[in-house]
1. Let's test the formula: R0 of 25 Å, r as the Cβ-Cβ distance of A11 and S77. What FRET efficiency results, to the nearest 0.05?
2. Can you tell me, using C-alpha contacts under 8 Å and at least 6 residues apart, the relative contact order of the range 8-107 as a whole percent?
3. What is the spin-label model distance, in nm, from A58 to L93 if the labels are put 7 Å beyond Cα along the C-beta direction?
4. Per residue, how much accessible area does the chain show when a 1.4 Å probe rolls over the protein heavy atoms, in square angstrom?
5. Compare E71, E78 by solvent-accessible area with a 1.4 Å probe and give them largest first, with all protein chains kept in place.
6. Using the 2.2 N^0.38 Å rule of thumb for compact globular proteins, work out how the chain stacks up: its C-alpha Rg over that value, please.
Amino acid sequence: MNRNFYFIGIAFFGMINGIFNQLWLIFALLYVQPIAGPLLFGNLSLTLMFASLMVSTATVILGGIPAAIYERVTGASESNNVSLWIWLAGTALLALPAAGNFLKIGL
């Protein structure tokens, strides 16, 4: 399978978790608002989107840790299909709590 499909799926699950995971989003918003609030002109909607981007990025990074451990253990010099499947599954598992909100609200 083409590697781009893996990356699209990983980005999709990261986006779903960043937008629809209310717990992580509120947690990130509470920490981002004092720091990035003045930089974003105190606009709450911009701060919320920045917090959503942070949660999405964290999802992709945390989902990639098991794939990086697999690559280190096997001694692979670059990502192969197995490590990309592990990365995709990791991001899907992290986005699982947000899947209910995504299906209820829709995109």
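The values are calculated or read from the model by the stated rules, or taken from the named source; none is laboratory data. None of these values were measured; they are calculated from a predicted model. Here the Cβ is made from the backbone with ideal geometry for all residues, glycine too, and neighbour counts use every protein chain on show. Surface areas here come from the heavy atoms of the whole protein model, side chains and all, with no ligands, DNA or RNA. Shrake-Rupley method; radii C 1.70, N 1.55, O 1.52, S 1.80 Å.
1. Details: r = 24 Å, r/R0 = 0.95.
Rounded to the nearest 0.05, the efficiency is 0.55.
2. Values: 106 pairs, mean separation 40.4, N = 100.
Once divided by the residue count of the range 8-107, the mean separation gives 40 percent.
3. Inter-label distance under the simple model: 1.8 nm.
4. Value returned for the chain: 65 Å² of accessible area per residue.
5. Descending order: E78, E71.
6. 1.20
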